[in-house]
Amino acid sequence: MGARTRAWLLLAGCAGAVLWTGSPAPAAPAPRADLAFHGYAVIDGDRMKVRLTPRDHGPAALPEASVRVRWSVAAVGAVTVPRGCARTGERTVVCGTGPLVAGQAGEQLRLAVRLRVPAPEVTLEVETAWNGGAADPDRSNDRLRVLVLPTGDEYSF
């Protein structure tokens, strides 16, 4: 085989190696985790307290997730939020849950708000803001709306 033929074969082999991409590796499936929130809200005068506990029903653990809490009446002044939470608007707070072990409850989050005006009712919305990248087939337990009346009674969710 001549030098010219070998050069063409080498060039063709290199071009084939560059052009051949093969089939891409399949993407790993997202872990499955059923995130839920349980707690209560109470209004006493112009103050509203919310206690909520995240729970991962599994099967996968979550290294982190976040919950959005929104109320229908604007807050006035400072909103008392725990570490890992941030006020993101006049009526909204987002909190990180910390790590969640499958089949166990996470740490309770406590929020306190002074309402701009005493309201005859407040709609509280609690929902997952970020689920740690997991697939959650049951979204019914992490998107909640609770009507809270200013009776001093605890309204559970």
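Each 10 Å bin from zero holds the following percent of Cα-Cα pairs in region 107-157: 18, 45, 27, 10. Here the gap between Q108 and R51, fully extended at 0.36 nm per residue and compared with their Cα-Cα distance, gives a gain of 19.8 nm.
Counted by Cβ distance under 14 Å from A134, the other residues give a net charge of -3, where Lys and Arg count +1 and Asp and Glu count -1. Working note: Karplus 6.51/-1.76/1.60 with θ = phi - 60° gives region 126-138 the couplings 10, 8, 5, 8, 8, 9, x, x, 8, 8, 10, x, 10 Hz, where Gly and Pro are set to x. Taking the accessible area of region 35-157, probe 1.4 Å, and keeping the other protein chains in place, the carbon and sulfur fraction comes to 49%. Scaling against 2.2 N^0.38 Å puts the C-alpha radius of gyration of region 52-157 at 1.11. Taking a ≥ b ≥ c as the square roots of the eigenvalues of the alpha-carbon gyration tensor, region 72-132 is classed prolate because a/c is 1.5 or more and a/b outweighs b/c. Calculated accessible area for region 57-140 comes out at 51 Å² per residue, all protein chains present (probe 1.4 Å; ligands, DNA, RNA ignored). Computed from the C-beta positions of V117 and N141, the FRET efficiency with R₀ = 25 Å rounds to 0.20.
Taking θ as phi - 60° and the Karplus parameters 6.51, -1.76 and 1.60, the scalar couplings of region 108-120 work out to 5, 9, 10, 10, 9, 10, 9, 6, 4, 9, x, 10, x Hz in sequence order, x denoting glycine and proline.
The values are calculated or read from the model by the stated rules, or taken from the named source; none is laboratory data. Owing to the predicted nature of the structure, the values given are computational and were not obtained by experimental measurement. Glycine also receives a Cβ, built like all others from the backbone with ideal geometry; neighbour counts cover every protein chain displayed. Just so you know, the surface numbers come from the protein's heavy atoms only, side chains and all, with ligands and any DNA or RNA stripped out. Shrake-Rupley method; radii C 1.70, N 1.55, O 1.52, S 1.80 Å.
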